[in-house]
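Since every read-out is calculated from the coordinates, none of them should be taken as a lab result. In this text, all values refer to a predicted model and were calculated from it rather than measured experimentally. Glycine also receives a Cβ, built like all others from the backbone with ideal geometry; neighbour counts cover every protein chain displayed.
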């Protein structure tokens, strides 16, 4: 398939059952590969059977990919083989490697590169001045002990360790060090079936009441503002009494509770991901933590709120919940914490809305495998944390031992 690689064409591409490629008609050798998950990546083919990955299409613009491809093709024209890595002349410190080569690669290839780079710089600040070869398993074990003793959660320490090992793996791959210094350092054991935090029926009622209270305060504030504007003959702001929702927070909370979306999936949700006529929401693989596309049925409550919210759509942002600048919300922490405080709900994070979605399904008799599919868990062990909420199947299993026998 051929076409001019640009925003209109890329937006129109739909994933197929098998990967397929679109070759650029402007620059020979540049192509876009589309995976069944929906992930799209640019490549440049500089010889028969030889190509180099340039980065993901949700990170690079078509022109940026085209510029990179031109540089590589020009290098090939000079007689150089881009697949042969020259031996690095710089002996990197951990800090210079992360800020330089690794950051450039991560921005082009890692969807969550901002968080990854932030964690590497913050969590391993004491490593920044060390040479890559000076990072040892003993040093990492001491770092881990200090973090755990300081109160960090094992899961948090594991996430940081994964980032460290991944970055050093790239240092080996690119020839900056000969061997992976901490490859054999294992993750801290964690209880994958620890009790999850979810909202009780009473807490749900208080949460809904707090959200409604916040909506009323916003509407009353808008009325006062328009009263002030009327006195001065200024143009009035839209009347929030005529809108289904005063702002984004309530529909975001409700949609999370009815779909189990992760915050990142919710913040990056577009109207193109919604098929309201079929009552289906699609989370494409390149937006999902598991990198796998999943389809979530929309119940009547989710469908109703989305249709109401669509009527309030303003501007041309493709996002369902755009921020004021049209981009996704980094977070809604201040307004969310205000609602939790009003509802007198403690020890509860936004992510726990996802736990609430799953917990309520299990308690209503939905089987764990269906819950796993809806949540997009790649590992069934992750879903087993909800098993204790449905003890009936275990009780039924042991009851078979006495079924039909004499009492």
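Relative to the longest principal axis of the Cα atoms of the chain, the long axis of helix 300-311 makes an angle of roughly 70 degrees. Work out the FRET efficiency for residue 346 and residue 4 from their Cβ-Cβ distance, taking R0 = 51 Å, and round it to the nearest 0.05. Plugging the Cβ-Cβ distance into 1/(1 + (r/R0)^6) gives 0.40.
Hey, in the GNM for the chain with a 10 angstrom Cα cutoff, which one of 219, 118, 48 fluctuates hardest? Of 219, 118, 48, the most mobile in the Gaussian network model is 48. For the chain, the relative contact order comes to 12 percent (Cα pairs under 8 Å, sequence separation of at least 6).
Estimated from the Cβ-Cβ distance and a Förster radius of 35 angstrom, the FRET efficiency linking residue 183 and residue 11 is about 0.30. Kindly state, to the nearest 0.05, the FRET efficiency for residue 235 paired with residue 400, given R0 = 45 Å and r defined as their beta-carbon distance. Given R0 = 45 Å and the Cβ-Cβ separation, E is 0.05. Sequence-distant contacts, meaning Cα pairs under 8 Å at least 6 residues apart, place the relative contact order of region 2-77 at 22 percent.
Order by neighbour count: 14, 364, fewest other Cβ atoms within 10 Å first, most last.
With the sparsest Cβ surroundings first, the list reads 14, 364.
Straightening the chain between residue 109 and residue 220 buys 35.4 nm, computed as 0.36 nm per residue apart minus the Cα-Cα spacing.
The long axis of helix 62-77 is offset from the longest Cα principal axis of the chain by roughly 10 degrees. Extension gain, residue 277 to residue 96: 0.36 nm times the residue separation minus the Cα-Cα distance gives 60.0 nm.
Sorting 208, 77 from the fewest to the most surrounding beta carbons within 10 angstrom yields 77, 208. If eta is 1.002 mPa s and T is 20 °C, what Stokes-Einstein diffusion coefficient results for region 252-407, Kirkwood Rh from Cα pairs, in µm²/s? In µm²/s, the coefficient is 122.
Region 286-306 and region 158-173 have Cα centres separated by 31 Å. Extension gain for residue 289-residue 148 works out to 48.2 nm (0.36 nm per residue, less the C-alpha to C-alpha distance).
Nearest 500 deg cm²/dmol is fine: what mean residue ellipticity at 222 nm does the chain get from its DSSP H runs of n ≥ 4 alone, each adding -39,500 (n - 2.57), divided by its residue count?
Rounded to the nearest 500, the figure is -13500 deg cm²/dmol.
Each principal axis of the Cα atoms in region 2-77 has its own extent, and those three values, largest first, are 36, 24, 20 angstrom. Taken along the Cα-to-beta-carbon direction at a fixed 7 Å, the label points for residue 381 and residue 313 span 4.2 nm. Springs between Cα atoms under 10 Å define the GNM used for the chain, and in it the highest mean-square fluctuation of 138, 374, 306 occurs at 138.
Ordering of 340-349, 34-43 by packing is 34-43, 340-349, highest average first (other Cβ atoms within 10 Å, averaged per residue).
Rank-order 255-268, 325-338 by packing density, defined as the average count of other C-beta atoms within 10 Å over each peptide's residues, highest first.
So the order, starting with the most tightly packed, is 255-268, 325-338.
Taking Cα atoms only, the orientation of helix 249-259 departs from the longest principal axis of the chain by about 80 degrees.
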